[in-house]
Each structure stands twice: as C-alpha cells, then as structure tokens.
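Undergrad: A single structure is presented below for examination.
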Amino acid sequence: MKKSNAKMDSIDFILFTSISLLVAIGIVMVFSASSYSAFFDPKIKDSMFYLKRQSISAIIGACAMFIMIKYDYHKLKKYTLLIMIITFVLLGLVYIFPPINGARRWIPLPVLNLQPSEIAKYVIVLYMAKSLEVKGEKVRSFVYGILPYLIVSGIYAIIILLEPNLSIATVIMLVTLIILFVAGVKWIHFFGLIGSVGTLGVVGILMEDFRRARVLNFLDPWKDPKGTGYQLIQSLLALGSGGITGVTLGKSRQKAYYIPEPHTDFIFSIIGEELGLVGCTIIIILFLILIWRGVVIAIRAKDTYGTLLAVGITSVIAVQAIINIAVVTGSMPVTGVPLPFISYGGSALLFNLMAMGILLNISRQCNK
C-alpha cells in the first residue's frame, strides 16, 4: 500500500508547468484583447468584465483539475455511461434557450454559459478508452472494432453540427480517428476512414452558404475585403504589425473593433500583434511541450485504458491548437475553434483543465 501511495505522489511537473503558464498567459491576453470593446460596449461598460469571468472559470477549473489529480482515473469507467447520457441530454437542452449570434450552443448559468459540446469532446474519449480496452484484437475488424465508435461519435457530431458547430464536430471525428489508429486498426480501414471523414467534411461545408463562403475567402480573402475576407485580413494585419517583439502588451490596434470579438477565436492574432513573433513562438512551444508530455504519459501508462485516455485527451488539445493557429495565420479556412487555455470561454477552460487533471493523474500512476 505504501508503494502504491508513493507512485501516486508525483505528477508530471513539466506538463503541470506548461498548463499553468498557458492559463496565466490566457487570462492576461483575454483582458488585453477584450478591455477596449468591453469598456465601450453600452451593455457592459466595464473593461474588466471578461477578465473577471475568465478568472472565475480559471479558479473553478483549477479546483476541478486538482480534484481529478487526486481521483483515480480508473474509477471513471463506472460513470462513463452516465456521463454520456447527461451530455446527450445537455446537447438537447441548448435548443430550449434563445440563440446567441445565430447559434444554439449554450445553456445560460449564473457564473458561465455552459457549452455541452465542450463536454462531448471528452465524453467520446472516455467512452472509446473504456470500450477499446476490452476490445482486444477485435479492433482490427471493421464491424466490431470500428463501426460502433463511428456510430457513437457520429451521433454526437451530428447533434453538434445542427447547433450549428461544424468545428467541434470535426474535432470529435478527428480525435476518434486518432484513438482508433493508436488502438491498432488495420491500415486499409484507417485510410478508408480518413477518406470517409474528409468526404463528410466537404458535404458539411457545401450544405451551408456561409461555410462555402469561408472556403472561397481562404483562397482569396482580398476578393471581398469588407465581407467574408475581412476577419482573416485583419488577423494577418495584426500578426504583421507585431513584427519580432510586438507593439507592447495592451497596445494592439486591431482589438479596437477591427477584429470582431478578438478575445475569442482570434486571440492568437492579438498575441502576435502585442507580443510579436517571440510571444507566438512561446505559445507554440508550450503547446508542443504539452503534447510531448501527453505522448510520454500515454507510452508509460500502466494499462491500455490509461494509454488511450492520455492519447485522446492530448489529441483534443493538439487538434484544437493546430486548427486555431492555422486559421489565424491563414493556413486553412476560417472556423470557430478556440485556442485551448487562451481563448475566452468558461466552459472550454473548465473542461480542458478537468481533462488535464485526468492526464496528470495518469502520470502519477505511470510505469517509471
């Protein structure tokens, strides 16, 4: 018993440090990016409005993370089905409340607006890790090893797509593919899945006019600089204005109503403007460290469940970070994926920190 406790006493300090730095930088940058618009917003008139809300979410998230660090991740297995059902119900409840900016993604709460899709990303990870652990060699069969996960992930993704939220639906399907790959599916099945998911993604884009416009905007944003290309052009201007060292923290021009809601999905462009290439590089390095430690934890995990859980959690963060940075820098079409730990969003920060708590708990029980 004492030996077991000793193993549970140490966490991955490098991972913990990178998470802490990302959250701290995120809180500072949310304040910097939102202070101008919040102060001049007639409904808010408080430059610290978003800072206060993000700080509260960070405190709650940090408490949840420390709870999950102490909580044996194996105990999550018996609650997985219940969590899946609750998440499914919450995804349906969003349609009861009035839309925000044309989308029904949130459940209003006193402290934060709960976004069930943020829970769904990790619910899929919990489900797949638990199920694939006992699947064994059956994972190499398409019918028994792949199809059930495509159906479950697809159901959640479709519900989220109807909100509409193609971005998170895409993240869910990409994470599903990554976990299946690590679990040992056949190569022919894996490449077939990539083709199928890619096809569904194209169909999802073609179904909506605004998504088609985003793709065309990506190809040539200057064709419609005041319309569909506006946001990307302003983002590129912000990044270009920052240069190597930036214009100094708090002195961004693009946050003054040039970039819409700069504290959310396009906060990386404000970081580039205020902190320059140096600031952007530091952010990217911190995410690379997080991904590296996540992979190390997955390799060293003492069981298959821990490995798949670590892979899934790390993949959720990695996929979102890659997509967000690619969008902001004009490397892919504009889509609404927040930058983990950095972008404003109470639900995202809370559940990302809870997931990090699980990952750190896995690190406490790793084979050294």
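The values are calculated or read from the model by the stated rules, or taken from the named source; none is laboratory data. Bear in mind the structure is a predicted one, so any value in this text is a computation, not a measurement. With ideal geometry, Cβ positions are generated from the backbone for all residues, glycine too; neighbour counts draw on all protein chains shown. Just so you know, the surface numbers come from the protein's heavy atoms only, side chains and all, with ligands and any DNA or RNA stripped out. Shrake-Rupley method; radii C 1.70, N 1.55, O 1.52, S 1.80 Å.
Undergrad: May I ask for the net charge around LEU147, where only other residues with Cβ less than 14 Å from the Cβ of LEU147 are counted and Lys, Arg are +1 while Asp, Glu are -1?
TA: +4
Undergrad: Taking the Cβ-Cβ separation of LYS186 and ASN113 as r and a Förster radius of 41 Å, what is the calculated FRET efficiency to the nearest 0.05?
TA: 0.45
Undergrad: Averaged per residue, what accessible surface does segment 37-82 expose to a 1.4 Å probe, in Å²?
TA: Values: 2850 Å² over 46 residues.
Accessible area per residue, segment 37-82: 62 Å².
Undergrad: Here's something else I'd like to know. What accessible surface, in Å², does a 1.4 Å probe find on LYS130, ignoring ligands, DNA and RNA and rounding to the nearest 10?
TA: 80 Å²
Undergrad: Another one. Could you order the peptides 37-48, 278-289 from most to least packed, using the average number of other C-beta atoms within 10 Å per residue?
TA: So the peptides 37-48, 278-289, ranked by packing, come out 278-289, 37-48.
Undergrad: Based on the Cα gyration tensor of the chain, what are the three equivalent ellipsoid semi-axes, each the root of five times an eigenvalue, rounded to whole Å and given largest first? Walk me through the numbers before you get to the answer.
TA: Working: eigenvalues 218, 125, 78 Å².
Each semi-axis is √(5λ); the values are 33, 25, 20 Å.
Undergrad: Follow-up question, since we're still on this one. Express in nm, to one decimal, how much length is gained between HIS74 and THR329 on full extension, taking 0.36 nm for each residue of separation and deducting their alpha carbon distance. Intermediate values should be presented prior to the final figure.
TA: Working: separation 255, 0.36 × 255 = 91.80 nm, distance 3.97 nm.
Computed gain between HIS74 and THR329 is 87.8 nm.
Undergrad: Let me ask something additional. Which whole-number percent of Cα pairs in segment 313-360 have a distance greater than 15 Å?
TA: 44 percent
Undergrad: Name all residues of segment 33-51 having a backbone nitrogen under 17 Å from the label point set 7 Å from the Cα of ALA256 along its Cα→Cβ direction, giving them as ranges.
TA: Under cut-off, by backbone N: 33-41, 47.
Undergrad: Separate question: Taking only DSSP H segments of four or more residues, each worth -39500 (n - 2.57), what value at 222 nm results for the chain once the sum is divided by all its residues, to the nearest 500 deg cm²/dmol?
TA: -23000 deg cm²/dmol, from helical runs alone.
Undergrad: Here's a follow-up. Gain in length, LYS302 to LYS43, computed as 0.36 nm per residue apart minus the alpha-carbon separation, to one decimal in nm? Working shown, then result.
TA: Details: separation 259, 0.36 × 259 = 93.24 nm, distance 5.22 nm.
So the extension gain works out to 88.0 nm.
Undergrad: Near the amide H of GLY330, under 5 Å away, which other amide H atoms are found, from residues 5 or more places off or on another chain, if H is placed in the peptide plane?
TA: none
Undergrad: How much of the accessible area of the chain, in percent, comes from carbon and sulfur atoms when a 1.4 Å probe is used?
TA: Accessible surface attributable to carbon and sulfur in the chain totals 70 percent.
Undergrad: Further question: If you average the alpha carbon positions of segment 321-356 and of segment 87-140, how far apart do those two centres end up, in angstrom?
TA: 16 Å
Undergrad: Using a 1.4 angstrom probe, figure out how much accessible area segment 163-306 has per residue, in square angstrom, rounded to the nearest whole.
TA: Result: 49 Å² per residue.
Undergrad: Using only Cα atoms, figure out Rg for segment 25-126 and give it as a multiple of 2.2 N^0.38 Å.
TA: 1.31
Undergrad: P(r) tail for segment 211-343, what percent of Cα pairs lie past 18 Å?
TA: So the portion of pairs separated by more than 18 Å is 57 percent.
Undergrad: Using every pair of alpha-carbon atoms in segment 151-296, split the distances into 5 Å bins beginning at 0 and state the percent of pairs per bin, rounded to integers.
TA: Reading upward from the zero bin: 2, 9, 13, 13, 14, 16, 15, 11, 5, 1, 0.
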